[in-house]
Amino acid sequence: MSTTSQPARNVELILAGLDQLPTLSPVATRVIKLSSASEEGFDEVVRLIESDVALTTKVLSLCRRASLGTSRGITTVKRAAVMLGWEAIQSAVLSVQLYELLGQSPQSREQRGADGTDGNETTGASAPRPFDAEGFWRHAIAVACAAELLAQHTGSAKVAPEEAFVAGLVHDLGKLALDWVLPKSYARVVQQAEVRRSPLAQLERASLGVDHHQTGKHLAERWTLPLALQDVVWLHAQPPAALPDVPHRRLVGVVTLANALAKRAHIGWSPGGHDARAVEQWASELGATESVQAEVIAKLHEAVAQRCALLGLGEASGQQLMVQSLTSANRRLAQLGSSLSTVSRAASEHARAVAAIGGFTLAERPGGTVADTLARIAESFKSLSGRAPMALIYQSRRPQPAAIANDEAWRVTLLDDAAQPTSTELAPALTGADGEPCDLARLAAGAELTDAARLMRWLATHDPDAAPLGAVGTSLASAVTQHGLHRQRWARCAALGLVSTLGPAAVVIHDPEHPLPPGPIAQSLTTFWSWALGAAAQGEGLRRLSESLSAQSRDLADARERLAEHESMARLGEFTSGAAHELNNPLTVISGRAQVLAERLKGHKHEDDARAIVRAADTMTDLITQLHMVAAPPRAQAQSTDIGAWCEGLLNEAQRRTGLHSPVKLDLPEQPEAMLDRVAVGKALVELLCNALQASPKTQTLVRVQIQQIDPALTQARADRADAADGADALDHTLPTATHALLIDVTDDGRGMSERARKHAFDPFFSDLPAGRRAGLGLPLARRIAQQCGGTLELESTTGRGTRARLIIPLTPQNASLAPHGQSGGGNRAAA
Amino acid sequence: MSATANGSKNKWSDKKIFTTGEAAEICKVSQQTIIRCFDAGRLGGFRVPGSKFRRIPRAELIRFMQDNDIPTELLDTGVRRVLAVDDDNAILELLQDTIGRDARFELRVASTGFDAGLAIEQFRPHIVLLDYMLPDINGNQVCRRLRENPELRGTKVLVVSGVIKQEDVQVLMESGADDFLKKPFSIPQLTEKVFALLNA
């Protein structure tokens, strides 16, 4: 049977057991039924009572006692009913019947209990029975009397004394019922209540699943007791605020107060404490002042003695009862003293835990690093155990089987005697027997740590000199030396595991003779440390995350900028291609007609005019084509290129175009061939050469061509950026696999560029040259081509000293990796 | 400019309609064979209204000869039939004033894709000068249709266009064009390209 279903099963048992309880006698039932005060059947009930001589006697005695002085003449039930009212008779009958039914001797119940209703425990006949039946009834009677007296003394209570008496008598009906049904289990509950002085109902609910209030109500319903009594059984001991609208709340209050008074007078036996505040509230609501309560208590002993005698319960006089009360009060005091000392011991232990946690939290600050937290754990450990731990091993997250990432390594911190970290190093997690990285969290949490640090023994069995353990082993070995411990001693050192549900884990390695104090302190603290460690690890993770986030957002901004440029260029591309088509048609007509004219005017003086028109049309269409190339350069088409011939060809073109022939020195690479888009790159290089020639170099222009290895990090960064700019893949035609690049420096010592020219160097149609020169599309076009090939074009220029243009074009891999042809390549070729 | 620079004229060169006897002579078969093919519908033509005389239009005769692998050189005029397709009338006029005046060429023009289709069927040009952007269907469509017809397999296509987008030129070449000439062009450049293609 699982423990969780225990209370549920108990409730079923209890309810079934209640059904086996004896029922009220027919007389009692009839008497109660008649409570609606109908005259019919009255005589019959009276006859019924009178037919039972014992009952009659007891009822009449009770009635007489209840109304001392005025009741000398009560000799028959009928007369009693007439003189004292039907309620008095009812109360008397119920009291007598209840006591006879449930006030049986302990032995008879014990026999019944062995029948099996509580059979999950062996029943020893000699076992002490904490449930004191006689004491219980004496208490019940005391409460009844107190309730009766209270009803009499507090006019404002507006409760009939007789009713109050019966209510007081039955208020703990549930306890009787529980004891009847589950004698053994209930005895344990009662015992606990005695020790703890905590409210009984609470313990009943905790261990039985049901309390005596509910049980009593169930029984009262079954017996069809008057509603007022049902309410009292169910609701007594509740504070007044808890039952605002109950019809019999005053009666409930009187009984609650009476219960407290009876306990205060120490009459009878009633386990468990009561809610003192509820009692106070009831007292003030019912108008039962301290003096009234004192008066009631003063009269109580005598009243109880009389009633007990009447019901045949222990022939004790008022005097004897007083002595018993005193004994009981003394016993209670002694119990109280011992339980108080237990409580104070526990309290002082808790205070230390709280102080330790407080000290730890005071030092802890939000946003602290894991290292800070580990240091504080060490300090906290030292303050509690009296000795600093030797080392701390930390693992930020569980190792993945696939690969050991850096953050799966163990962080080993060695500490000195003042708990100050002396060194911290990262070491790969130890591998276990299965070859997988060792999960520190599992070690810290699992059985491996029991029996004084199997982890450490396991480590100690390895000789770091013989079988290297890696950095962890070395760290631990140096820790051994540092703490002046022998290896044997080290093997016996203790370890304390800290496992956070947030992922990280740590092991505190310490001297076994200085552990944390046992008990809740260690538990609370380790939980708290683990938690703090987890929080610090999360904090670190967050910081890392936010750093990478900001880096990513930077990349994103870059990508967006490039995308925007790309988009605007794409739009310009569309625009120029549309415009070119539209413009080329009329230009065809202009050029064609001019050609026809020139043909007709052959030899005529106007022939040249017509030819000029043709040239102008050609220039315009060239311009449009260039503009389109700037906006939408054609995709790079690499082909094997003889660099020397290619450069010389381009130089010739530049010289032809500019009509300038200042000296140019070509410095060519060893490798004679490379794989590149020679048409496109050629266009770019021609522009650079033209610019250099036009800058009026003082001595010469140097063209230096090199093939260089690309920095792999740069390639990677570019590839990453291309990834980040996913969707804008057309932006970057870099081949991330390119390992080499063509580097061309065109350096002239001409006039250089003005600040303004440098700033606008790549703006289409900007030209710093005097009016009438070629339109400034050269540099923008060159740069676009470089970009299209995945390369760059940069300018360095000083006014009056010259300009250096650096063009870098990544090479298609298979050719870039060609071995340089040592014998044929190289040398400086000068071209005039 | 010489009118017979490329090929010589014969008695059939300018004839539009042929009799069965003439057709037999051109095809170098018997007249009965021509009549049988005419009656079987394999050689298209008409009868002279009010008589039984069969007449065969030039285009039908060429088709018939091509179908039956009969050399057409007897019909060859030596003049290169050029069809220029462009939506810009100014261009067409320019072409008419240049290659249209060149005796080596017989020039027809069309300004839509639809007209181009009709002219290709009727005129059977040796070469089509095709613009990319046409009002109804684009040049590449015209080109593809032309290439789908096996009768026109000898017809060359020279794309003459102001497009500068490499991709567009690519599309045209892929749809079956033989060469590309960018507008604006020089007249000698154009005739050079045309002869280069026709003599290929």
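The values are calculated or read from the model by the stated rules, or taken from the named source; none is laboratory data. In this text the structure is predicted, and so the values were computed from the model without any measurement. With ideal geometry, Cβ positions are generated from the backbone for all residues, glycine too; neighbour counts draw on all protein chains shown.
Restricting attention to segment A:790-808, the residues that are within 22 Å of A:VAL630 (Cβ to Cβ) and surrounded by fewer than 14 Cβ atoms within 10 Å (Cβ to Cβ) total 1. Please verify whether A:ALA278 is surrounded by 20 or more Cβ atoms within 10 Å (Cβ to Cβ), touching a Pro at 6+ places or on another chain (Cβ under 7 Å) and over 21 Å from A:CYS308 (Cβ atoms), treating the condition exactly as stated. When the stated conditions are applied, A:ALA278 passes them. Applying the set (1) among the charged types (D, E, K, R); (2) over 19 Å from the mean Cα position of the chain (by Cα); (3) surrounded by fewer than 17 Cβ atoms within 10 Å (Cβ to Cβ) to B:ASP14 leaves exactly one unmet item: (2). Taking segment B:145-162 only, how many residues are small (Gly, Ala, Ser) and in contact (Cβ under 8 Å) with a residue 60 or more places away in the chain? Within segment B:145-162, residues that are small (Gly, Ala, Ser) and in contact (Cβ under 8 Å) with a residue 60 or more places away in the chain number 0.
In this entry, B:GLY154 is excluded by the filter for residues that are within 14 Å of chain A (Cβ to nearest Cβ) and either modelled with pLDDT of 85 or more or closer than 19 Å to B:LYS193 by Cβ (or both). May I ask you to verify whether A:ARG249 is under 23 Å from A:GLU163 (Cβ atoms), of a type in the set (Lys, Arg) and buried (at least 18 other Cβ atoms within 10 Å of the Cβ)? Answer is yes for this residue. Taking segment A:630-653 as the range and being at pLDDT below 85, away from chain B (no Cβ under 11 Å) and out of contact with any Pro (no Cβ under 7 Å at 6 or more places or on another chain) as the test, the residues that pass are A:ALA636, A:ALA638, A:GLN639, A:SER640, A:THR641. Taken over segment B:92-111, the criterion of being within 12 Å of chain A (Cβ to nearest Cβ), modelled with pLDDT of 90 or more and buried (at least 17 other Cβ atoms within 10 Å of the Cβ) is satisfied by B:LEU92, B:LEU94, B:LEU95.
Can you confirm whether segment B:79-91 contains a residue that is touching a strand residue (DSSP E or B) at 6+ places or on another chain (Cβ under 8 Å), assigned to a strand (DSSP E or B), under 16 Å from B:LEU190 (Cβ atoms) and within 14 Å of chain A (Cβ to nearest Cβ)? Looking through segment B:79-91, at least one residue is touching a strand residue (DSSP E or B) at 6+ places or on another chain (Cβ under 8 Å), assigned to a strand (DSSP E or B), under 16 Å from B:LEU190 (Cβ atoms) and within 14 Å of chain A (Cβ to nearest Cβ). Every test in (1) touching a residue at least 12 places away in the same chain (Cβ under 8 Å); (2) away from chain A (no Cβ under 13 Å); (3) closer than 24 Å to B:PRO57 by Cβ; (4) outside any helix (DSSP H, G or I) is passed by B:PHE114 save one, and that test is (4). The selection criterion, being in a helix (DSSP H, G or I), closer than 30 Å to B:GLU93 by Cβ and not basic (Lys, Arg), does not hold for A:HIS604. Taken over segment A:654-671, the criterion of being in a helix (DSSP H, G or I) and at pLDDT 85 or above is satisfied by A:ALA654, A:GLN655, A:ARG656.
Tell me which residues, restricted to segment A:218-245, are assigned to a helix (DSSP H, G or I) and among the β-branched types (Val, Ile, Thr).
Across segment A:218-245, the qualifying residues are A:VAL232, A:VAL233.
Just a yes or no: is a residue in segment A:761-775 closer than 22 Å to A:VAL664 by Cβ and modelled with pLDDT of 80 or more? No; the residues of segment A:761-775 include none that is closer than 22 Å to A:VAL664 by Cβ and modelled with pLDDT of 80 or more. Step by step: first the residues of segment A:568-587, then only those that are without any contact (Cβ under 8 Å) to a residue 24 or more places away in the chain and among the polar types (S, T, N, Q), then the one that is farthest from the other protein chains (Cβ to nearest Cβ). Which residue is that? Here the residue is A:SER568.
Once segment B:160-179 is narrowed to residues that are outside any helix (DSSP H, G or I) and either surrounded by fewer than 15 Cβ atoms within 10 Å (Cβ to Cβ) or within 13 Å of chain A (Cβ to nearest Cβ) (or both), the residue that is modelled with the highest pLDDT is B:VAL160. Condition first: facing chain B (nearest Cβ under 7 Å) and without any contact (Cβ under 8 Å) to a residue 24 or more places away in the chain. Now tell me which residues in segment A:589-612 satisfy that. Scanning segment A:589-612 gives A:VAL589, A:GLY592, A:ARG593, A:GLN595, A:VAL596.
Among the residues examined, B:ILE56 qualifies as within 17 Å of B:GLU151 (Cβ to Cβ) and in contact with a helix residue (DSSP H, G or I) (Cβ under 7 Å, 6 or more places away or on another chain). Counting only helices (runs of 4 or more DSSP H) wholly contained in segment A:127-216, no element carries 2 or more residues that are under 50 Å from the mean Cα position of the chain (by Cα) and of a type in the set (Phe, Trp, Tyr). The requirement of being within 11 Å of chain B (Cβ to nearest Cβ) and either under 28 Å from A:PHE762 (Cβ atoms) or in a helix (DSSP H, G or I) (or both) is satisfied by A:LEU627.
Residue-wise test of (1) under 30 Å from B:LYS165 (Cβ atoms); (2) modelled with pLDDT of 85 or more; (3) part of a helix (DSSP H, G or I); (4) touching a Cys at 6+ places or on another chain (Cβ under 8 Å).
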| position | (1), (2), (3), (4) |
| --- | --- |
| A:ALA506 | no, no, no, no |
| A:ILE509 | no, no, no, yes |
| A:GLU513 | no, no, no, no |
| A:ARG543 | no, no, yes, no |
| A:ARG554 | no, yes, yes, no |
| A:ARG560 | yes, yes, yes, no |
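Quick check on A:VAL681: is it over 19 Å from A:ASP748 (Cα atoms) and either in contact with a Ser or Thr (Cβ under 7 Å, 6 or more places away or on another chain) or buried (at least 21 other Cβ atoms within 10 Å of the Cβ) (or both)? Even if it seems obvious, please write down each step before you answer.
Numbers: over 19 Å from A:ASP748 (Cα atoms): yes; either in contact with a Ser or Thr (Cβ under 7 Å, 6 or more places away or on another chain) or buried (at least 21 other Cβ atoms within 10 Å of the Cβ) (or both): yes.
In short, yes.
When A:ALA684, A:ALA612, A:ALA617, A:ALA674 are checked against the criterion of being in a helix (DSSP H, G or I) and assigned by TED's automatic domain parsing to the domain that holds A:VAL746, a single residue qualifies: A:ALA684.
The set of residues from segment B:119-144 being within 13 Å of another protein chain (Cβ to nearest Cβ) and either free of Cβ contacts under 8 Å to residues at least 12 places away in the same chain or among the aromatic types (Phe, Trp, Tyr) (or both) comprises just one member, B:TYR132. Take segment B:53-104 and flag every residue that is free of Cβ contacts under 8 Å to residues at least 60 places away in the same chain and in contact with an Asp or Glu (Cβ under 7 Å, 6 or more places away or on another chain). Correct list: B:ARG81, B:VAL85, B:ASP87, B:LEU92.
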